[in-house]
1. Positive end of the dipole of the chain, charges at C-beta (+1 Lys, Arg; -1 Asp, Glu), about the Cα centre: which of A53, Q37, T26 has its Cα farthest in that direction?
2. In what sequence, highest mean first, do 5-12, 59-66 appear when ranked by Cβ atoms within 10 angstrom?
3. To the nearest 20 debye, what charge dipole does segment 3-73 have about its Cα centre, counting +1 at the Cβ of each Lys and Arg and -1 at the Cβ of each Asp and Glu?
4. How far is the Cα center of segment 1-32 from the Cα center of segment 42-57, in Å?
5. By how many degrees, 0 to 90 and rounded to 10, does the Cα axis of helix 60-73 deviate from the longest principal axis of the chain?
6. Relative contact order of the chain, please, whole-number percent, based on alpha carbon pairs below 8 angstrom and at least 6 residues apart.
7. Which net charge results when you count Lys and Arg as +1 and Asp and Glu as -1 among the other residues whose beta-carbon is under 13 Å from that of A71?
8. Only one of the values [x] 14, 29, 34, 21, 2; [y] 15, 23, 16, 11, 9, 8, 7, 5, 3, 2, 0; [z] 17, 46, 28, 7, 1 was calculated from this structure for P(r) over Cα pairs in 10 Å bins from 0, in percent; name its label.
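Read the figures in this text as sums done on the coordinates, not as results from a lab. Since the model is a prediction, treat every value here as computed from it, not as a measurement. Don't worry about glycine lacking a Cβ; one is built from the backbone with ideal geometry, like all the others, and counts go over all protein chains shown.
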Amino acid sequence: MTSLDRWTEAACAELGLDPAEVSARTVLDLARDVAHQVERPAAPLTAFMLGLAAGRGQSLDDAVRRLSELAARWAAPEH
């Protein structure tokens, strides 16, 4: 078991969540895409917004897809 696995289990227990509903790879992949295609500070903020969307009933897979597509379309500002 990795540190990430142990943290996930402990955090889920603390928040009353089912670890089976936590898709670490999905969230980490989205965070990676956003960090590289938008900017690093956008990654944790996007993960938070993903959690809000999922908590409000949006499909996790759909929200991740939409955010990943948005990040892929994101154009860096010209200097």
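1. So the residue we want is Q37.
2. So the order, starting with the most tightly packed, is 59-66, 5-12.
3. Once rounded to the nearest 20, the dipole reads 280 debye.
4. 14 Å
5. 20 degrees
6. 27 percent
7. Charge balance in the 13 Å sphere: +1.
8. Calculated P(r) over Cα pairs in 10 Å bins from 0, in percent: the matching label is [z].
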